[in-house]
Each structure stands twice: as structure tokens, then as C-alpha cells.
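The values are calculated or read from the model by the stated rules, or taken from the named source; none is laboratory data. Only a predicted model underlies this, so the values are computations on that prediction, with no experimental measurement involved. We place every Cβ from the backbone using ideal geometry, glycine too, and count neighbours over all the protein chains shown. Ligands, DNA and RNA are stripped out before the accessible areas are found, and what is left, the full protein with its side chains, is counted by its heavy atoms. Shrake-Rupley method; radii C 1.70, N 1.55, O 1.52, S 1.80 Å.
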Amino acid sequence: MTERLRGATRDTFRSFEVRNFRVFFAGQGLSQIGTWLQLIAQALLVLRLTGSGVDLGITTGFQFLPVLIFGSWAGLLADRTDKRRLMMISQSLMMLFAFVLGWAVLADRITVGGVYLLAALTGTANAFDNPARRVMITELVPSELTANAVSLVSAMITGARVIGPAVAGVLVATVGIGWCFIVNGISFLAVLYALKMLDPDRLYAAPRAPKGKGQVREGLRYVWRSADLRLTVTMMAVVATMSFNWQVLLPLLAEHELGGNETTYAFITTVFSVGSLIGSLSIARRPTLSNSFLASSCIALGFASAAVALAPTPVSAAVTGAFAGAAGIAFLSGSMAVMQLGSAPAMRGRVMALYTILFLGSTPIGG
């Protein structure tokens, strides 16, 4: 039994045998917690300044609209340039914006217009960071470990969703909202240090795409010509639109259908996130991922979502939500791995930019 457990652990975390991945993972883990600190604190700040849900929605729009506007060109830039250098620039800018927002709050000089501006600037930097960060994973490990590395990063991001809001609650209650932004700014130092410590001689760097006309359209045509990529993209668009609207459904389920309150919502969301974390770790053991696995994940997500809808109590909703979280993260991680492995190295930035645009663009519509 002990030997089987060791074997399962070794299979699940096998990408950690690669030093560059370990360094990258550690830096990103701290930064992701900081990111959730900022997201929670930003929402609370807007509500404190205006008390308006509309203003909160506008802030979110400023945060994510740049990804939709600049995503395709950001993917092309990731294909053309050194991804590590691009990430260092984008992460440095996001660190600066976090410090500026924290200073403005602590100095009592913040306005809702200032929050809009800094959200837009942060979103623009993130738009260029996102495809580079996703493709960077493929350059840290050999191709046979790509699916495992993607799953572990998904697990890390999911874990940050559990830890970050909890830390934000403690900081807001003790030292104030402004310090959440300062701590997030400090967390970027971990990313920058990790990027600096990567061994460039051990990177599996892809050849850079040469400059040319029509390369954004070329990326779209490339995805559409590939039957596997086209199927993955189609599933991604449909599932993200119809199923990944939990941020709207769960609070309504908790308060309107189950007669609960904010604590009920927090409980269901926490268990949902734990299910997502377990799902990420479970698929990390799989040596390969395919479209048939994605189809199975879709079916599992459908059944789990129906079970959540029929749950009569908060506990049963949380338990079934954990299964939905596990199936959902399996689909997301699997889609990312299939698109990474199914695309030519020189096209991965544009392919992953399309993945991000589809996810971030379709989810608000579904919501």
C-alpha cells in the first residue's frame, strides 16, 4: 500500500523532477495568491467607494476587456519573442500598478475612476502576459511531461483560489484593503526572481516565428485546418458559454434556491474549489490527454451540473459541486494540454491566445 502511494505521488508530481519547472511553479504559486488578494480587495474597494454593483461590473470589464482586444496580437508577440523576457516586462508592469493602487488607497487618494484606469492597465499587461505564461510551460519540460505540467499548474491556480480570498479576508479585517494591493505587488517579486533563476540552457525553447503580414489570421486558419484543434476549440466555446457561469449561479443557488446567506455561498464555493483541486491532481497522473477524454469530461460535467441543480440542501449542493469542479477543471486542463501538444511550436502563442479569448469571451456571455 505504501509503495503504491509513493508510485501514485511520483506519477502525479513527476514534472517536479525538472528544476526549471519547480522554480517557475514556486514563483507562480505565490503570485497567484497575490492575484486573488487583489481581485477580492478590488471588488471590496469599488463597493466601498460607490456601493454599486454596476460599477463593480464596469471594473471587471476594464480588467478583462484588454484580453479580448489585444489577445490575438499578444499571442503573435509570444510566438515572435523571448517568452521569459516578455513575462518579466508584463509582470513588472503589473507589480507597478499594484503598488500604485495600494499607495493611492493608503494615502486616501483613490477614486473609482482611478480604479477603472489601473484595472485597465493591469488587464492590458495581463493580456500580453497570459499567452506567454501558458506557452512557457511547454518550454520548461519535455513534451511527454506537458500534460502533467499543465495539470499541476491548474492545481496550483485552483489552490490559490482557496488561499487567496482567505488571506484577503484577514488583511482587510486587520490592516485594511490597501495592504492587499501592496502584498500583491510584493508577490510579483517571487515571479521575477523565479524567471531570473531559470536555466536558459535547459529550456525546450521553440523556434520564433518570423515577422510577416497576416500572421494573426494565419493562426486562426491554422487552428481551423486542424481537425483536432478545431474540435477542441468548438467544445471550448460551447462548454465555456453554457457551463462555466458558476460565479453567477452559485450565489443565486445558495441564497434564492437553498434559503442560505453569504456563509452558505462561501461554503459551497470552497468545497467546489477543493473539488477542482482534486480534479487537477487526479488528471496530472494521466500520461496523455485527448479529445475523447475531453468529451468524457463534458459528459461528467453535465451530469454533475444537473446534480447541483437538483440538490435539496447546502451540503448536497456542495458535494455535487465538488464533482462539477473536478470535471470542469479536467476539461479546462485537458483542453489546454491538447491545444499545446497539437500545435506547432511556432504557432503555440497564437493558439493559446485563442484559448484565452474563447474562455474569457464566452464565460461572461454565459453568465
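G260 meets each of the listed conditions (1) assigned to a helix (DSSP H, G or I); (2) over 17 Å from I157 (Cβ atoms); (3) open to solvent by less than 30 Å² (accessible area, probe 1.4 Å) apart from (1). For segment 111-127, a tally of residues being open to solvent by 30 Å² or more (accessible area, probe 1.4 Å) and either out of contact with any Ser or Thr (no Cβ under 8 Å at 6 or more places or on another chain) or under 25 Å from K196 (Cβ atoms) (or both) returns 6.
Yes/no matrix, rows are residues, columns are (1) open to solvent by 50 Å² or more (accessible area, probe 1.4 Å); (2) without any contact (Cβ under 8 Å) to a residue 24 or more places away in the chain; (3) in a loop (DSSP other than H, G, I, E, B); (4) farther than 29 Å from A127 by Cβ:
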position	(1), (2), (3), (4)
G275	no, no, no, yes
A295	no, no, no, yes
G328	no, no, no, no
A337	no, no, no, no
S343	no, no, yes, no
S362	no, no, no, no
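No other residue among V183, V223 is at pLDDT 85 or above, among the β-branched types (V, I, T) and under 23 Å from the mean Cα position of the chain (by Cα) apart from V183.
Evaluated against (1) among the small types (G, A, S); (2) in a helix (DSSP H, G or I); (3) buried (at least 19 other Cβ atoms within 10 Å of the Cβ), S282 falls short on exactly one condition, (3). Checked against the criterion of being more than 21 Å from T158 (Cα to Cα), in a helix (DSSP H, G or I), at pLDDT 75 or above and open to solvent by 20 Å² or more (accessible area, probe 1.4 Å), the candidates L358, L354 yield just one match: L354.
Cβ-Cβ contacts under 8 Å between residues 6 or more apart (or on different chains), taken from a first residue in segment 20-33 that is of a type in the set (S, T, N, Q) to a second residue that is open to solvent by less than 20 Å² (accessible area, probe 1.4 Å) and at pLDDT 90 or above, are listed as N20/L198; Q28/V191; Q28/A194; S31/Q91; S31/S187; S31/F188; S31/V191.
Here T146 fits the description: in contact (Cβ under 8 Å) with a residue 24 or more places away in the chain, among the β-branched types (V, I, T) and surrounded by fewer than 24 Cβ atoms within 10 Å (Cβ to Cβ).
Applying the selection to segment 94-104, what residues are open to solvent by 20 Å² or more (accessible area, probe 1.4 Å) and closer than 26 Å to A353 by Cα? Result: M95, L96, F97.
Could you please let me know if A304 is over 19 Å from the mean Cα position of the chain (by Cα), under 16 Å from L332 (Cα atoms) and either modelled with pLDDT of 75 or more or crowded, with 17+ Cβ neighbours inside 10 Å (or both)?
Yes: the conditions hold for A304.
Looking across segment 229-251, the residues that are among the polar types (S, T, N, Q) and either in contact with a Phe, Trp or Tyr (Cβ under 7 Å, 6 or more places away or on another chain) or touching a residue at least 60 places away in the same chain (Cβ under 8 Å) (or both) come down to T232, T241, S243, N245, Q247. Of all the criteria given as (1) modelled with pLDDT of 80 or more; (2) assigned to a helix (DSSP H, G or I), the one not satisfied by G176 is (2). The C-beta contact set for segment 47-62 (first residue aliphatic (A, V, I, L, M), second residue open to solvent by 70 Å² or more (accessible area, probe 1.4 Å), distance under 9 angstrom, 6+ apart or interchain) comprises L49/T111; L56/L47. Exactly one residue out of A78, A107 is among the hydrophobic types (A, V, I, L, M, F, W, C) and open to solvent by less than 10 Å² (accessible area, probe 1.4 Å): that is A78.
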